[in-house]
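Notes for the one structure printed next.
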Amino acid sequence: MGIKLKTAVATSLVGVLGLTACGGADTAGGKGEVIDLVAYSTPQIAFQKIETLFKKTDEGKGVTFKESYGPSGDQSRAVESGQKADFVNFSLESDVTRLVDAKKVDADWKTATGHDGIVADSVVVLVVRKGNPKKIEGWDDLIKPGVGIVSPNPASSGGARWNTLAAWGHVIANGGTEAEAKDYLTQYFKNAVSLPGSARDALTSFTSGNGDVLVSYENEAILARQKGEDVDYIVPDQTLLIETPAAVTTSGGQAAKDFTKFLFTEPAQAEFLKSGYRPVVDGVTGDVEGANDPSDPFPTPKTLLTIAKDFGGWDAAKKKFFDEENGIVTLIQIATGTSE
């Protein structure tokens, strides 16, 4: 079918936002430090709630935040180019290692942060219209004639790279060859009707009426339902574990380090959970509004792929799939006219 890419209008939640969150400074109880927080597009609501909790702690008294949200790769490149950041949270490890190479994040960021630097998890899901009119149950349904796919663009969005690798991985997990996986991705991109710059823009595009299925984070699907959007979502039998890394930059002060440590406490992880993220701290549970089953919000997929086990880590995956000249996905996007 013909390819018609529709870029969603960016909402006020996305883009580079210079926001001072959670009220004005209260310097009476602390140092009055400002944390410049730079993150990918989706965790804004969770962070603002966590910031409020942090400011009630001894370490957080008097601390204020300036926030910037946008596509993960764009945010990482902005920090590399000089955008001020004390704390970063991206959707890909490679967006952090870019800053390690630029001497803006210490090489030991994983051990310094704890939990291998991963602050929250999710999985790739398929978001459909209420009632699932196209009867989409899994990956193979996405490449049927007449099915319009919405997903962020791998050229700018970390979320899109998770999505694309999940799509590829389902073929391999079912015993397919790499040639068959390439064929699948080619049809996948041919069916793309909207490839916005970020995961949040992709959600906006879909809820504005574009496409039949949105390939997205589980937490984005849950957030959409929390906001009253008329959508359903499916956790495919084969999907990919999304791990979102966080780090303090070399310019980050004690407040940024304290905030990062706070992210792994039960109260902070509970806020990630309420926003639809899978906690990385054991024992953090609870009902999640908007989940398919609020009392059991995070089902275990039949096959849960991981970047480390199934793709050799992000360095190898980035080179094989997303290299700007020879990456498999890059070449498929060029061939299908979906690279921009």
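Coordinate-derived values only; no laboratory data. Since the structure is predicted, the reported quantities are computational estimates derived from the model, not experimental observations. Counting neighbours? That spans all protein chains shown, and the Cβs are built from the backbone with ideal geometry, glycine included.
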Point to revise | Cα centroid separation - the range 161-239 against the range 301-318, whole Å | key: 17 Å
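When ranked by the protection proxy of mean other Cβ atoms within 10 Å per residue, highest first, what sequence do the peptides 176-189, 65-78 form? All intermediate terms of the calculation are to be shown ahead of the outcome.
Working: 176-189: 16.5, 65-78: 23.5.
The most tightly packed comes first, giving 65-78, 176-189.
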Review point. When the helix-only estimate is applied to the chain (DSSP H runs of n ≥ 4, each -39,500 (n - 2.57), divided by the residue count), what is the mean residue ellipticity at 222 nm, nearest 500 deg cm²/dmol?
Key: -10500 deg cm²/dmol
Review point. Quick one: which of 255-267, 126-138 comes out on top by average Cβ neighbours within 10 Å, and what's the full order, highest first?
Key: 255-267, 126-138
Exercise for review: Note down the nm distance, to one decimal, between modelled labels 7 Å out along Cα→Cβ at T300 and at K135.
Suggested key: 3.2 nm
**Study point:** Order by protection proxy (mean Cβ within 10 Å, highest first), peptides 58-64, 147-153, 209-215
**Key:** 147-153, 209-215, 58-64
Practice item. Using Cα positions and a limit of under 12 Å, work out the aspartates and glutamates in reach of K227, with same-chain residues fewer than 8 apart set aside. Key: E289
Check your understanding: What FRET efficiency comes out for the pair K56/N326, r = Cβ-Cβ distance, R0 = 56 Å, nearest 0.05?
Key -> 0.65
Exercise for review: Normalising by the residue count of the chain, find the relative contact order in percent from Cα pairs under 8 Å and 6+ residues apart.
Suggested key: 23 percent
Practice item. Give me the distance between the Cα centres of the range 31-80 and the range 85-158, rounded to whole Å. Key: 19 Å
